[in-house]
Amino acid sequence: MPYSDEVHLKNGSVLKCKIIEFKTEEKIKLEIQGGSVLVYNANEVAKINRGTTSAAKDENSTKGHFYTNELYFSALFSFIGGYREAASWSGAQDIPTLGCGLKFSAGKAINRHLMLGGGIGWSYMHNYFMYSAHFPVFAEIRGDILKNSNSLYYAFGLGYNIAKQRNVMSWTGTTMIEAKGGIYLNPAIGLRFTSKSKKHFCLELNYGIHTASYSYTGTNGEIIGPTNNVFIRPTLALGMLF
């Protein structure tokens, strides 16, 4: 019976074989026609196509970003929640607000549990007076928590938040005249879903922590601020890791 597994090596070789043992990030042992047994390091493998002759379970059917010295890319769309304090006839009260955002990052995987990189983002959310935009630039560490094909993952971003000035009048009658950025933090935990390609869907829960300060002119021309804003916003994100 001909062997139906295929192992594609990074040097361009394609081996028709029976996979005997496959340990993610360690080695792959296979048997080729004639009975010879070969062993390769996992980082020599580009792709694996499983047939029906394998004796070992494949932990990951594609190489993707789960091995040593592989690049990774992440793209997420975020739904931002939170509260702002607003004045009303009954006094100060918390009013829920919604925002949105984008986050892109890229880097290199030391292994599937440790990836180092950086990225940029965009967030649009309320700062009490009005909605405002933020453009964080950050360094990132991330990785899988489990060895399963479906895995929890962690991520943490640290960088600088660029606050965007808006020259419009707010609902309070004030006009923003200056915006300054500050620290950006982004701890996250998510779920990466298995895929037969190098593209994996992700569901992520994170806290976007932005600091910024704003100055405004009031209705009588008086200067208000600078304020010291700390946005701590729970965020649900959907996207892809590839």
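The values are calculated or read from the model by the stated rules, or taken from the named source; none is laboratory data. Just so we're clear, the structure is a prediction, and the values are computed from it rather than from any experiment. Don't worry about glycine lacking a Cβ; one is built from the backbone with ideal geometry, like all the others, and counts go over all protein chains shown.
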Could you check the range 79-185 for strands (runs of 3 or more DSSP E) lying wholly inside it with 1 or more residues that are under 30 Å from ASN43 (Cα atoms)?
93-111, 114-126, 131-144, 151-163
Suppose we filter the range 186-201 for residues that are surrounded by fewer than 20 Cβ atoms within 10 Å (Cβ to Cβ) and either β-branched (Val, Ile, Thr) or in a strand (DSSP E or B) (or both); how many remain?
5
Residues of the range 216-242 satisfying the condition of being assigned to a loop (DSSP other than H, G, I, E, B) and either within 12 Å of the chain's Cα centre (by Cα) or of a type in the set (Lys, Arg) (or both):
PHE242
Verdict on SER213 being in a strand (DSSP E or B) and polar (S, T, N, Q):
yes
Please go through the range 199-242 and pick out each residue that is in contact with a His (Cβ under 9 Å, 6 or more places away or on another chain) and more than 18 Å from SER132 (Cα to Cα).
HIS200, MET240, LEU241, PHE242
Could you tell me whether ASN111 is over 28 Å from VAL230 (Cα atoms), over 14 Å from the mean Cα position of the chain (by Cα), of a type outside the set (Gly, Ala, Ser) and surrounded by 15 or more Cβ atoms within 10 Å (Cβ to Cβ)?
yes
Among all residue pairs at least 6 apart or on different chains, which show Cβ distances below 6 Å where the first residue, located in the range 156-169, is over 28 Å from SER74 (Cα atoms) and the second is assigned to a strand (DSSP E or B) and polar (S, T, N, Q)?
ARG166/SER132; MET169/THR175
Considering only residues that are surrounded by fewer than 20 Cβ atoms within 10 Å (Cβ to Cβ) and either at pLDDT 95 or above or among the hydroxyl-bearing types (Ser, Thr, Tyr) (or both), which ones fall in the range 134-150?
PHE135, VAL137, ALA139, ILE141, SER149
In the set ALA86, ALA75, the lone residue that is touching a Phe, Trp or Tyr at 6+ places or on another chain (Cβ under 9 Å), modelled with pLDDT under 85 and under 26 Å from HIS134 (Cα atoms) is ALA86
Tell me yes or no: at least one residue of the range 128-137 is in contact with a Leu (Cβ under 8 Å, 6 or more places away or on another chain) and in contact (Cβ under 8 Å) with a residue 40 or more places away in the chain.
no
